[in-house]
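Got a structure for you, questions after.
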Amino acid sequence: MRKGLKILCALALFATVPTVLTACGENSSIVDENQEMVDSALKELTVDAEVSNNFRLVVSAKGGVAISWVSNNEAITINGSDAIVNQSTENDISVKLTATATKGNATGTRDFTIVVKQKVIDVEYSSISDVLNAAIGSEVKTRGIVTHIFYNYTNKTTNEVSPGGFNLSTVEGTIYCYGANIAKKVSLGDDVIVSGKTANYPTSLTYVTQLGNIDLINTVRKNATLSFTETDLANYETKTVTELQNDLKGNHFAKTYIMRNVRINKFHNTNANYTSMSLYDWEDTFNHSSPSMLLYSSNGQGENTMSEYDWLSDYFDKKVDIIFAVNSQNSGGTKWRGAPVAVLNA
């Protein structure tokens, strides 16, 4: 009888000990609580349905919930809590932003559809063609795509360079913009509106070759490209390298030509310690005596320089047609020089 009583007492004692259930090593009530906070954070998120300017994103919520964002379109790019808006001048753009909220093992997502409104250009500007024909000293505004950036030496010993000017192009022509301060603020492919004063270069000439006193009014868009139609190309005069170089007395400054059947060569002169790049007519054997068009580099064509022309390496020793903007003559007046605006074929 006493033995049975002891067993009953043991069972009663065991029944008073609470049982703890776990899920994946974590208290299930904590998991549920985290998920509730994640769901609540996502529910409370708000984003404007239409945007034209950069805006801030919520990246954290109460209870230690972390929120990250992803965009499906470059019209809005994400940098931490900053949403960078890149408007188009052509149309509105629909963008999906996805917010992901996490706390512990709990997670959730929510999508937002946002319309980036078309960029309205409220600045009046002249075409590059009109600017090239404007009187010297005219204060003008114009718009184009940055197709080339020219560099100057800041340290010849270490070959350090810095932007000194840039070519601004449309399908109708190209103009050189002089000004280091502004050249540092633009990148290749920027569609920009600038103001400046028409000027001569050199001053003995009586036609426009550049814009000086440049101010950057507006960067309309990034990563823009020029697309030439057959009608656009029909407006350009065609010149071979030989024809242009045999006409050193011609008025070619600030003019843009189609140069057909061109060979691009890059060479390094060990003795003179410089790198150079030139255009030749395709049928000419590559040598220094053949007529050539220098690709202008204001940094002096030093060793390891001319990096602004690296994109042309895809076309070395291929027969190509090039739209070419003439910049000036070399110091000896023996060759024309300038920079490509576009390669039409390869």
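None of the figures in this text is laboratory data; all of them are computed from the coordinates on show. Predicted model only: the values in this text are computed from it and were never measured. Here the Cβ positions follow ideal geometry from the backbone for every residue, glycine too, while neighbour counts run over all protein chains shown.
Sort 143-150, 100-107, 310-317, 181-188 by packing, meaning the average of other beta carbons within 10 Å per residue, with the highest value first.
143-150, 100-107, 181-188, 310-317
Sort the following peptides by mean Cβ neighbour count (other Cβ atoms within 10 Å, averaged over residues), highest first: 162-171, 111-120.
162-171, 111-120
Related question: Which three numbers, in whole Å and largest first, are the semi-axes of the equivalent ellipsoid of segment 123-242 derived from its Cα gyration tensor as √(5λ)?
Semi-axes from the Cα gyration tensor: 23, 18, 17 Å.
Moving to a separate point now. Where a Cα-Cα gap under 24 Å defines reach, which lysines qualify for Lys249, not counting those fewer than 8 residues away within the same chain?
Answer for Lys249, where 24 Å is the Cα cut-off: Lys239, Lys335, listed by chain and number.
Between Ala49 and Glu230, what length comes free when the chain is fully extended (0.36 nm per residue of separation minus the Cα-Cα distance, one decimal in nm)?
Value of the extension gain: 61.1 nm.
Sort the following peptides by mean Cβ neighbour count (other Cβ atoms within 10 Å, averaged over residues), highest first: 49-55, 130-136.
130-136, 49-55
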